[in-house]
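Bear in mind that the values in this text are calculations on the coordinates, not laboratory data. On a predicted model such as this, the values are computed, not experimentally measured, just so you know. Virtual Cβ from ideal backbone geometry, glycine too; neighbours counted across all protein chains shown.
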Amino acid sequence: MHYEYYCLGMAEETPEDYTEIAFVCLREDGCLELPATVESACRTAAKKVPELEGFHFHTLRHTYTTNLLSNGAQPKDVQELLGHSDVSTTMNVYAHATREAKRSSARIMDKVVGMD
């Protein structure tokens, strides 16, 4: 699939075949912040803050997803939020986030049946 990127001014008309795509990083004027600019900012931050060594913007996506799943978000909802075409993609990549949830469920069951 091929997309052309347009940044429409407030007075410009939207082309008939225009499909809106939600981008994560936008500038104040609403235009796309290019990935190279975001990666450059991440590298600069990682150089200045030792705890961010190896940090990449994509790390935020993993943190976001792990937090959603480990706090009980439904995998299908997370799949749609991430834009994955199939929920198995989401779960294959982020399965580690659900392991702790399974352990918590097992501990609850232990309490229910009196094994705690």
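The table for this structure:
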{"quantity": "Of residues in the range 65-110 being among the polar types (S, T, N, Q) and within 22 Å of Ala22 (Cα to Cα), the one surrounded by the fewest Cβ atoms within 10 Å (Cβ to Cβ)", "calculated": "Ser85"}
{"quantity": "Lone unmet requirement of (1) within 30 Å of Val93 (Cα to Cα); (2) of a type in the set (Ser, Thr, Tyr); (3) exposed (fewer than 12 other Cβ atoms within 10 Å of the Cβ) for Thr59", "calculated": "(3)"}
{"quantity": "Test: Ser40 is among the polar types (S, T, N, Q) and closer than 22 Å to Arg27 by Cβ", "calculated": "yes"}
{"quantity": "Candidate set from the range 53-92 (those that are of a type in the set (A, V, I, L, M) and in contact with a helix residue (DSSP H, G or I) (Cβ under 8 Å, 6 or more places away or on another chain)); member that is farthest from Cys42 (Cα to Cα)", "calculated": "Val87"}
{"quantity": "Subset of the range 22-38 [over 26 Å from Met91 (Cα atoms) and surrounded by 11 or more Cβ atoms within 10 Å (Cβ to Cβ)]", "calculated": "Leu26, Arg27, Gly30, Cys31, Leu32, Glu33, Leu34, Thr37, Val38"}
